[in-house]
Amino acid sequence: MSHWIAACGVDDIDPEDVVPFEHDGEHYAVYRSPDDEFYATAGHCTHERELLCDGLVMDGMIECPKHNGRFDYRTGLAKGAPVIVDLAIYPVKVEDGTVHIQVP
């Protein structure tokens with residue numbers, strides 16, 4: 001069964017940036033797009049499990065800091081070698097200035 005968890009405040013993330021969030025031993029990445037939409041993905045790259053929160057965010061993509069593989073953080077789709085496995089994505093809602101993600 002899934003449930004909503006408060007991950008961070010909207011002011012904790014700059015536009016076109018990412019912040020880490022950990023819950024029950026799982027790592028997540030929370031993103032803010034340039035048009036102030038929020039997204040959440042698994043926190044590790046699917047290639048070698050590097051934390052994505054240390055990566056570069058630009059034009060709807062997160063680039064892994066280790067081997068520069070890229071994902072579309074809005075859809076989770078793998079977009080650049082060496083990554084070939086998509087990222088898990090999670091529903092997001094914003095209430096009263098807090099970003100919530102729905103986790104399993």
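To keep it simple, each residue is scored yes or no on (1) touching a strand residue (DSSP E or B) at 6+ places or on another chain (Cβ under 7 Å); (2) more than 18 Å from Glu16 (Cβ to Cβ).
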residue	(1), (2)
Glu37	no, no
Cys45	no, yes
Arg49	no, yes
Arg70	yes, no
Tyr90	yes, yes
Val94	yes, no
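Restricting to the stretch 73-90, name every residue that is free of Cβ contacts under 8 Å to residues at least 40 places away in the same chain and under 14 Å from Val30 (Cβ atoms).
Residues of the stretch 73-90 that are free of Cβ contacts under 8 Å to residues at least 40 places away in the same chain, as a first pass: 75-85.
Scanning the stretch 73-90 gives a single hit, Gly76.
Is one or more of the residues making up the stretch 72-81 in contact with a Ser or Thr (Cβ under 9 Å, 6 or more places away or on another chain) and among the hydrophobic types (A, V, I, L, M, F, W, C)? Let's see the steps before the verdict.
Applying the first criterion (in contact with a Ser or Thr (Cβ under 9 Å, 6 or more places away or on another chain)) to the stretch 72-81 yields 73-74, 76, 78.
Next, from what is left, pick out any that are among the hydrophobic types (A, V, I, L, M, F, W, C): 78.
The answer is yes; a qualifying residue exists.
Here is a list: Glu26, Glu63, Glu50. Which entry is in contact with a Leu (Cβ under 8 Å, 6 or more places away or on another chain), among the charged types (D, E, K, R) and in contact (Cβ under 8 Å) with a residue 12 or more places away in the chain? Full working, then the answer.
Working: Glu26 fails: in contact with a Leu (Cβ under 8 Å, 6 or more places away or on another chain); Glu50 fails: in contact with a Leu (Cβ under 8 Å, 6 or more places away or on another chain).
Just a single option satisfies the conditions, and that option is Glu63.
Only the coordinates and a few stated rules stand behind these numbers; no lab work does. The shown structure was predicted, so the numbers you read here are calculated from the model rather than taken from an experiment. Glycine also receives a Cβ, built like all others from the backbone with ideal geometry; neighbour counts cover every protein chain displayed.
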